[in-house]
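So the structure is just underneath, and the comments pick up after that.
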Amino acid sequence: MATARPGPNLSRIAASLGVSVATVSNALSGKGRVSAELVERIRATAAELGYIPSQAGRALRTGHSGVLGLVLPDISNPLFPQIAQAIEHAAAVAGYGVLIADSRGDVDMQTEAIHRLVERGVDGMVIVPRRGTRIADADCPVAVIDTPSTPGNTVSADHWQGGREIARHLRNLGHRKILLIGASSASSVQNDRIDGFKSALDADIKTEVLWIERLEERDGPGCLLGLADKVQQGFTAFAAVSDLHALRALTELQRAGIAVPDSASVTGFDDLIWSPVVTPALTTIRMDITAIAEIAITALVSAIQNGGRIKKGSVDEPLSGSRLVIAEKSRVPMQLIVRQSTGPLGLAKTNLSAGELLT
């Protein structure tokens with residue numbers, strides 16, 4: 001049976017040009033005294049022969065593995081594969097591979113994943129942290145993607161500004177009684193989105209926050225959120241902190257016979273891949289994942305290669321003890337995407353009695 005032919009090594013390139021292996025190695029690595037003309041010839045020959053440099057050999061020469069770690073909190077959430085793809089692309093452009101670890105929503109598993117990546121010799125890490133994540137032994141630069149209010153955050157979407165954008169949209173449509181829907185009050189990202197939302201509202205607009213985690217502790221996973229009752233109480237808009245929760249709200253309202261947006265408006269966050277194709281298409285907030293990934297990787301690679309800006313974590317900060325990477329730009333604006341799940345208050349009024357609106 002035929003065996004695969006190994007790729008050309010430095011010896012073949014050297015033999016084809018009549019030079020030493022050391023000269024070829026120096027030319028390809030940019031070291032040593034090799035004339036520009038010979039460097040060009042060696043690189044052209046290497047390309048012609050299909051030479052692929054050994055990552056292991058490069059690691060021995062440079063002290064760098066050429067690999068970054070990416071730690072995600074829950075890859076089953078459709079947002080995080082999008083982030084992983086953007087990080088992998090930005091890293092590939094910078095000449096790095098990526099190892100991905102999923103903590104499955106558990107802080108202890110996230111800490112263990114971080115330790116495993118350190119043991120595998122990654123040059124640096126990008127972490128989307130769970131609340132409470134701490135790194136004691138990460139002997140490499142770390143870029144954090146969370147929210148601007150997180151101590152040590154490197155870069156992230158401006159979640160507070162995104163909340164303001166949604167609030168202004170619903171306010172301008174005339175809604176004056178709005179239910180905010182979050183998953184967990186322990187989430188810094190969700191709290192920033194809700195705080196930003198509240199900051200943009202006038203005093204005459206009433207809001208209430210529903211935390212799904214607390215409701216499910218009482219009534220069980222997947223329980224009804226009680227949104228039909230909220231409509232009866234006069235709520236005309238439901239603003240969720242993620243598209244996943246917005247879809248849950250949209251489904252519950254529709255099953256209760258409440259038309260969206262005619263009787264109630266629904267908004268989400270993150271503009272997940274299915275948000276434009278649900279019925280009605282979801283009004284939401286989009287984060288610039290590509291820009292965030294590029295900023296994080298640029299800052300991380302700078303810290304790895306050139307000793308770029310790094311902040312030592314304090315004892316009281318998340319990720320304490322790690323070398324936290326500082327980026328030139330730490331906040332990336334979010335964009336309002338208006339679709340068919342929101343409409344003016346007048347539509348809702350036609351489907352509610354005056355008594356219901358005043359409750």
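A straight Cα-to-Cα reach below 16 Å connects residue 198 with the aspartates and glutamates 158, 165, 208, residues fewer than 8 places away in its own chain not being considered. Split the accessible area of the stretch 91-204 by element, probe 1.4 Å, and carbon with sulfur accounts for 44%. Sequence-ordered 3J(HN,Hα) estimates for the stretch 143-157 from the Karplus curve with 6.51, -1.76 and 1.60 and θ = phi - 60° stand at 9, 9, 10, 9, 8, x, 7, 7, x, x, 4, 8, 7, 6, 5 Hz, glycine and proline given as x. The 3J(HN,Hα) values that the Karplus relation (6.51, -1.76, 1.60; θ = phi - 60°) gives for the stretch 74-80 are, in residue order, 6, 6, 6, 6, x, 5, 6 Hz. Gly and Pro appear as x.
Mean sequence separation of contacting Cα pairs (under 8 Å, at least six apart), scaled by the length of the stretch 72-143, corresponds to a relative contact order of 32 percent.
Taking amide H as placed 1.01 Å from N in the peptide plane, the amide H of residue 181 sits under 5 Å from that of 210, 239, 240, 241, each at least 5 places away or on another chain.
Remark: the Cα gyration tensor places the stretch 167-290 in the rounded category, a/c being less than 1.5.
Comparing 83, 159, 124 along the charge dipole axis of the stretch 70-166, the residue lying farthest to the positive side is 159, per the Cβ-charge model. Couplings for the stretch 176-187, taken from phi via the Karplus curve 6.51 cos²θ - 1.76 cosθ + 1.60 with θ = phi - 60°, read 10, 9, 10, 9, 9, 10, x, 8, 9, 6, 7, 7 Hz in order; Gly and Pro are left as x.
Our summary gives the stretch 216-317 a relative contact order of 19 percent, counting only alpha carbon pairs under 8 angstrom and 6 or more residues apart. Normalised by the number of residues in the stretch 147-191, the mean separation of alpha-carbon contacts (under 8 Å, six or more apart) gives a relative contact order of 35 percent. Amide H contacts of residue 156 (H built 1.01 Å from N, in plane; Pro and chain starts excluded): 331, 332 sit under 5 Å, all sequence-distant by 5 or more or on other chains.
Taking amide H as placed 1.01 Å from N in the peptide plane, residue 98 has its amide H under 5 Å from the amide H of 68, each at least 5 places away in sequence or on another chain. Ligands, DNA and RNA left out, the 1.4 Å accessible surface of the stretch 223-302 is 57% carbon and sulfur atoms. What is the stretch 236-286 by shape, rounded, prolate or oblate, if you read a ≥ b ≥ c off the alpha carbon gyration tensor as root eigenvalues and call it rounded for a/c under 1.5, prolate for a/b larger than b/c, and oblate otherwise? Prolate is the answer for the stretch 236-286, as a/c is 1.5 or above and a/b outweighs b/c.
The values are calculated or read from the model by the stated rules, or taken from the named source; none is laboratory data. Source: prediction; values computed, not measured. Cβ: placed from backbone, ideal geometry, glycine included. Neighbour counts: every protein chain shown. All accessible areas refer to the heavy atoms of the entire protein, side chains included, with ligands and DNA or RNA removed. Shrake-Rupley method; radii C 1.70, N 1.55, O 1.52, S 1.80 Å.
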